[in-house]
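Q: I'd like to ask some things about the structure below.
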Number of protein chains: 2
Amino acid sequence: MADTPAARPVEPVAPIDPAVVAHVAQVATAARTASRGLALLTRARKDELLHAVADALVAATPDIVAGNAEDLARGRERGLAAGLLDRLLLDEQRIAAIAAAVRDVAALPDPVGEVVRGSTLANGLQIRQVRVPMGVVGMIYEARPNVTVDAAALALKSGNAVLLRGGSAAASSNRVLVAAIRTALRGQGLDEHAVASLDDGGRDAARALMTARGLVDLVIPRGGADLIATVVRESTVPVIETGTGVNHVYVDEAADLDQATAIVLNSKAQRPSVCNAAETLLVHERVAEAFLPKVLAALGGAGVTVHAGPEVLEFADAAGAAVLPAQDGDFTREWYSLDLGVRVVPDLDAALTHIRTHGTQHTEVVVTRDRGVARRFQAEVDAAVVVVNASSRFTDGGEFGFGAEIGISTQKLHARGPMALPELTTTKWLVDGDGQVRT
Amino acid sequence: MADTPAARPVEPVAPIDPAVVAHVAQVATAARTASRGLALLTRARKDELLHAVADALVAATPDIVAGNAEDLARGRERGLAAGLLDRLLLDEQRIAAIAAAVRDVAALPDPVGEVVRGSTLANGLQIRQVRVPMGVVGMIYEARPNVTVDAAALALKSGNAVLLRGGSAAASSNRVLVAAIRTALRGQGLDEHAVASLDDGGRDAARALMTARGLVDLVIPRGGADLIATVVRESTVPVIETGTGVNHVYVDEAADLDQATAIVLNSKAQRPSVCNAAETLLVHERVAEAFLPKVLAALGGAGVTVHAGPEVLEFADAAGAAVLPAQDGDFTREWYSLDLGVRVVPDLDAALTHIRTHGTQHTEVVVTRDRGVARRFQAEVDAAVVVVNASSRFTDGGEFGFGAEIGISTQKLHARGPMALPELTTTKWLVDGDGQVRT
């Protein structure tokens, strides 16, 4: 986690069930073999495959709905919240939308083969750095069957095999979805082991996946903070950390206050359950009196509960919003809900310090008309996306024009911010000579 | 490791001494604070700093030589091999060369601030992906005091703080070198904690560095296979795996045999102690009779011991080379010496299978005049660098024209092949709006 305060000792970890390790190694080895074929497919063949996948998903609609009904029944028995049940639900319309998204991926440019850089050396050697698939990508996520298909489509388009660990809550749905994708692979004369599910084997299957170094090239966890922290701690396979967004909107003394109100409202309330929503509002003290009544009223109107620092409480009466005194930890929480921390800060430096201390290096926003403040904020804030005068909600592969998104990286290695197809590739240097040797 | 045959269970790891963890956290926190200042320096200021570092190293020559003498004395007591003692040795001439290398780094372009990509979205948002420093980089390496200065220079040029763990054998040299670099930092009015040594604290200091996630952004291990495997296994900080090169030269049936002889000789014997040297020669059976006597004689002339597969032994008499029957494991060893495994293969497919099974995805070479063979080899071999008709020894930041090298990545995430300044940076998305919100 970006905000870990200090190094900590490594704790002993229980060994993984050897039978599960062997099973995962077998599935990963088969995926690895399949990935070699995928890496050599032309774009035309990959697009054809993706359309076949979409067709297979539509054709399997009754089976998918039946499998999904099992997951929903199990979820209801376990008392899953209505929101989670809705996230799990697949009906004919949603399956059609998932299939359409696969066709959209087919329409995206192929990152494989792109020449990133190259030159001819003094000795005549021609060198080119070319994008190639990663090989085998592992996805670990939670109870979102649409991610199963999304991840498979993006992996196949970028020439990768994929191992999917989707969580037990969606296991029946995922089984049928993966079966449909494999039907399409076979129908195209390709190796069906390119897409495999690892939903069986309990938690040890996920742990065996994270430690299958040499068989798996990359693991991407998508889900809550606990899931991501576990993968980061236990994985020996390279990981791209995604997700957690404790994002701030800082309203500077030189802000346009109407614009600031609209940005705060949109950043918090347009879709509070996602990682690019804002969790804390910081207000320069010189505009507190003018801005807070206005923004608290707007937040109240949108049903937002404000967790207010002491300097904010005095404006609470005018608010028409639910305003609670902020508790310990309220400024480091990712609420995922219509809750917002609000603090007054004396100046830009204090805002930068607050963001450095509490932020997760995801998305940070400043609202200001002052060019110097904007420049300093963008230079000094260390985050994947640093925004001037717009909503935090734009941190998104679709919004950025990538046409897709496999996650939002909050780490610095390999990818940072929204990730799409190029982030699922690595590169290879091709060197072409006519007998050169070193002297 | 790229050639790990299967997933393995995680073994319990002993806890790290809490006092060492606390010390490393303190040093890393100070480096982190210093890194914020470095990230904002202009190129001109960074180049000025690097020239000051070079000056300070030259001025400290007597101290460096004295510190180095302590390491050499300790090394002799412990019976270090002559080659290792020579690697450790610093004299006036070598210190001058190290200082000159720092000035060369100053002359390189600054990667920070480069706009990697950008666009204006339909809603008028301007987005730019810009290179920024990683923050704090950890280097874990073995008994090469020149790496201490190299790594510090490359880190500072790319705006990063650096934590150096150079191994006990060079501890006294490193202490004096780091002191000289810190003198230059102070002389430039900069925070000296930007460069720090972690040679004290035993093995636990290295382990605390690898697990200081949130304080350290990246760890690069440079050294033997054991060191690298330990870092990969224990680190929770993102790692770039470097190094191990079990590299092959495949001489195809359509090879120019004189060219092939020169390439094999250069790949093996020009500098056998480095990771881009070749370890195994694969020869197509159709040219075995014509090629083997020629290449074995050339290898013999260069003092190379050949570890021969059974099909090669019949040509041993003509060799004038030391030819031994290959033992188990000879084709997975990185010799680091004038030893070469030699095998005859029936065809390209067998060569590709051998490379896939025994290679470490570092550098692979084919010698052929057949365009189809070259194309297949470059497409199907999964390695950082795939060479047609040239020596494996060109896998090098200097040879590739990067002007520097911090290591050669054999992993797929973030960087692959020779790494220089851009590989020590991450990116940040800057988004500029005038009030945009999502609808």
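The values are calculated or read from the model by the stated rules, or taken from the named source; none is laboratory data. None of the values given here were measured: they were computed from a predicted structure. Positions of Cβ are backbone-derived with ideal geometry, glycine not excepted, and every protein chain shown enters the neighbour counts.
Q: I'm checking my understanding of the structure. Among residues of the range B:407-439 that are among the β-branched types (Val, Ile, Thr) and more than 30 Å from A:Asp434 (Cβ to Cβ), which one is modelled with the lowest pLDDT?
A: B:Thr439
Condition check ((1) surrounded by 19 or more Cβ atoms within 10 Å (Cβ to Cβ); (2) touching a strand residue (DSSP E or B) at 6+ places or on another chain (Cβ under 7 Å); (3) at the interface with chain B (Cβ under 9 Å from one of its Cβ atoms); (4) under 30 Å from A:Val27 (Cα atoms)) across all residues:
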| residue | (1), (2), (3), (4) |
| --- | --- |
| A:Ala107 | no, no, no, yes |
| A:Val132 | yes, yes, yes, yes |
| A:Val137 | yes, yes, no, yes |
| A:Ile140 | yes, yes, no, yes |
| A:Ala143 | yes, no, no, yes |
| A:Ala151 | yes, yes, no, yes |
| A:Leu154 | yes, no, no, yes |
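Q: Could you list, in sequence order, all residues of the range A:51-90 that are among the acidic types (Asp, Glu), within 28 Å of A:Phe402 (Cα to Cα) and either at pLDDT below 95 or in contact with a Ser or Thr (Cβ under 9 Å, 6 or more places away or on another chain) (or both)?
A: Matches in the range A:51-90: A:Asp86 only.
Q: On to the next question. Can you name the helices (runs of 4 or more DSSP H) wholly within the range B:37-124 that have at least 2 residues being farther than 24 Å from B:Ser158 by Cα? Spell out the reasoning first.
A: Working: elements: B:43-59, B:61-77, B:82-88, B:92-107.
Qualifying helices (runs of 4 or more DSSP H): B:61-77, B:82-88, B:92-107.
Let's see how each residue does on (1) in contact with a helix residue (DSSP H, G or I) (Cβ under 7 Å, 6 or more places away or on another chain); (2) of a type outside the set (S, T, N, Q):
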site	(1), (2)
A:Ala161	yes, yes
A:Ser168	no, no
A:Ser172	yes, no
A:Ile181	yes, yes
A:Pro221	yes, yes
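Q: Count, please, the residues in the range B:368-407 that happen to be β-branched (Val, Ile, Thr) and within 9 Å of another protein chain (Cβ to nearest Cβ).
A: Selection size over the range B:368-407: 6.
Q: If you don't mind, another one. Which ones in the range B:231-246 are within 13 Å of the chain's Cα centre (by Cα) and more than 13 Å from chain A (Cβ to nearest Cβ)?
A: We begin by selecting, within the range B:231-246, every residue within 13 Å of the chain's Cα centre (by Cα); these are B:239-245.
Matches in the range B:231-246: B:Thr242, B:Gly243, B:Gly245.
Q: Of the residues that make up the range A:348-364, is at least one closer than 23 Å to B:Pro238 by Cα, in contact with a Leu (Cβ under 6 Å, 6 or more places away or on another chain) and among the β-branched types (Val, Ile, Thr)?
A: Scanning the range A:348-364 turns up no residue that is closer than 23 Å to B:Pro238 by Cα, in contact with a Leu (Cβ under 6 Å, 6 or more places away or on another chain) and among the β-branched types (Val, Ile, Thr).
Q: Now a separate question. Just to be sure I understand, how many residues within the range B:339-352 are of a type outside the set (Lys, Arg) and either crowded, with 17+ Cβ neighbours inside 10 Å or not assigned by TED's automatic domain parsing to the domain that holds B:Asp370 (or both)?
A: Residues flagged as of a type outside the set (Lys, Arg) and either crowded, with 17+ Cβ neighbours inside 10 Å or not assigned by TED's automatic domain parsing to the domain that holds B:Asp370 (or both) within the range B:339-352 amount to 9.
Q: What are the pairs, 6+ residues apart or on separate chains, where a residue within the range B:265-279 that is assigned by TED's automatic domain parsing to the domain that holds B:Gly301 and surrounded by fewer than 19 Cβ atoms within 10 Å (Cβ to Cβ) has its Cβ under 6 Å from a residue that is modelled with pLDDT of 90 or more and part of a helix (DSSP H, G or I)?
A: Cβ pairs passing all conditions: B:Gln270/B:Arg393.
Q: Among the candidates B:Val249, B:Val264, B:Val312, which residue alone is more than 14 Å from every other protein chain (Cβ to nearest Cβ) and touching a helix residue (DSSP H, G or I) at 6+ places or on another chain (Cβ under 7 Å)?
A: Details: B:Val249 fails: more than 14 Å from every other protein chain (Cβ to nearest Cβ); B:Val264 fails: more than 14 Å from every other protein chain (Cβ to nearest Cβ).
Only one candidate qualifies: B:Val312.
Q: Can you tell me how many residues in the range A:28-65 are farther than 26 Å from A:Lys428 by Cα and either β-branched (Val, Ile, Thr) or within 10 Å of chain B (Cβ to nearest Cβ) (or both)?
A: Of the residues in the range A:28-65, 5 are farther than 26 Å from A:Lys428 by Cα and either β-branched (Val, Ile, Thr) or within 10 Å of chain B (Cβ to nearest Cβ) (or both).
Q: Return yes when B:Val147 is within 14 Å of chain A (Cβ to nearest Cβ) and within 24 Å of B:Arg207 (Cβ to Cβ) and no when it is not.
A: no
Q: Turning to a different aspect of this structure: Give the range B:274-301 a look and list any residue that's within 14 Å of chain A (Cβ to nearest Cβ) and in contact with a Lys or Arg (Cβ under 9 Å, 6 or more places away or on another chain), or say none.
A: B:Val274, B:Asn276, B:Ala277, B:Ala278
Q: Kindly establish whether A:Gly303 is at positive phi and without any contact (Cβ under 8 Å) to a residue 60 or more places away in the chain.
A: Working: at positive phi: yes; without any contact (Cβ under 8 Å) to a residue 60 or more places away in the chain: yes.
Yes.
Q: Suppose the filter is touching a residue at least 24 places away in the same chain (Cβ under 8 Å), within 30 Å of B:Pro15 (Cβ to Cβ) and either among the hydrophobic types (A, V, I, L, M, F, W, C) or facing another protein chain (nearest Cβ under 10 Å) (or both); does A:Val24 pass it?
A: So A:Val24 passes the test.
Q: Only one residue in B:Ala208, B:Ala171 is in the same structural domain as B:Leu41 (by TED's automatic domain parsing), in contact (Cβ under 8 Å) with a residue 12 or more places away in the chain and touching a His at 6+ places or on another chain (Cβ under 8 Å). Which one?
A: Being in the same structural domain as B:Leu41 (by TED's automatic domain parsing), in contact (Cβ under 8 Å) with a residue 12 or more places away in the chain and touching a His at 6+ places or on another chain (Cβ under 8 Å) holds for just one of B:Ala208, B:Ala171, which is B:Ala208.
Q: Now, a different point. Mind checking which residues of the range A:176-192 are surrounded by fewer than 21 Cβ atoms within 10 Å (Cβ to Cβ) and more than 16 Å from A:Ala31 (Cα to Cα)?
A: A:Gly187, A:Gln188
Q: Pairs please, first residue from the range A:333-356 and touching a residue at least 60 places away in the same chain (Cβ under 8 Å), second anywhere and assigned to a loop (DSSP other than H, G, I, E, B) and among the aromatic types (Phe, Trp, Tyr), Cβ atoms under 9 Å, 6+ apart in sequence or on different chains.
A: A:Gly341/A:Phe331; A:Gly341/A:Trp335; A:Arg343/A:Phe331; A:His354/A:Phe331
Q: Could you tell me whether B:Asp226 is within 22 Å of the chain's Cα centre (by Cα) and over 28 Å from A:Ala383 (Cβ atoms)?
A: Judged against the criteria, B:Asp226 is a match.
Q: (1) in contact with a Lys or Arg (Cβ under 7 Å, 6 or more places away or on another chain); (2) away from every other protein chain (no Cβ under 14 Å); (3) modelled with pLDDT under 95: which one isn't true of B:Leu340, the others all being true?
A: Checking B:Leu340 against (1) in contact with a Lys or Arg (Cβ under 7 Å, 6 or more places away or on another chain); (2) away from every other protein chain (no Cβ under 14 Å); (3) modelled with pLDDT under 95, the one that fails is (3).
Q: What number goes with the only condition from (1) farther than 16 Å from B:Arg343 by Cα; (2) part of a helix (DSSP H, G or I); (3) small (Gly, Ala, Ser) that B:Gly245 does not pass?
A: The one condition B:Gly245 does not meet is (2).
Q: Going by what's in this entry, would A:Leu413 be described as closer than 25 Å to B:Pro238 by Cα and either hydroxyl-bearing (Ser, Thr, Tyr) or in contact with a His (Cβ under 6 Å, 6 or more places away or on another chain) (or both)?
A: Yes, satisfied.
Q: Related question: Go through (1) closer than 30 Å to B:Pro418 by Cβ; (2) within 14 Å of chain B (Cβ to nearest Cβ) for A:Ile228 and report which single condition fails.
A: (1)
Q: What residue, of A:Asp432, A:Asp370, A:Asp382, A:Asp396, is touching a residue at least 12 places away in the same chain (Cβ under 8 Å) and closer than 15 Å to B:Thr427 by Cβ?
A: Testing whether each residue is touching a residue at least 12 places away in the same chain (Cβ under 8 Å) and closer than 15 Å to B:Thr427 by Cβ leaves just A:Asp382.
Q: Would you confirm whether or not the range B:369-390 contains a residue that is under 20 Å from the mean Cα position of the chain (by Cα) and in a helix (DSSP H, G or I)?
A: No, the conditions are met nowhere in the range B:369-390.
Q: For the range B:408-439, what are the residues that are facing chain A (nearest Cβ under 8 Å), small (Gly, Ala, Ser) and over 30 Å from A:Val251 (Cα atoms)?
A: B:Gly417
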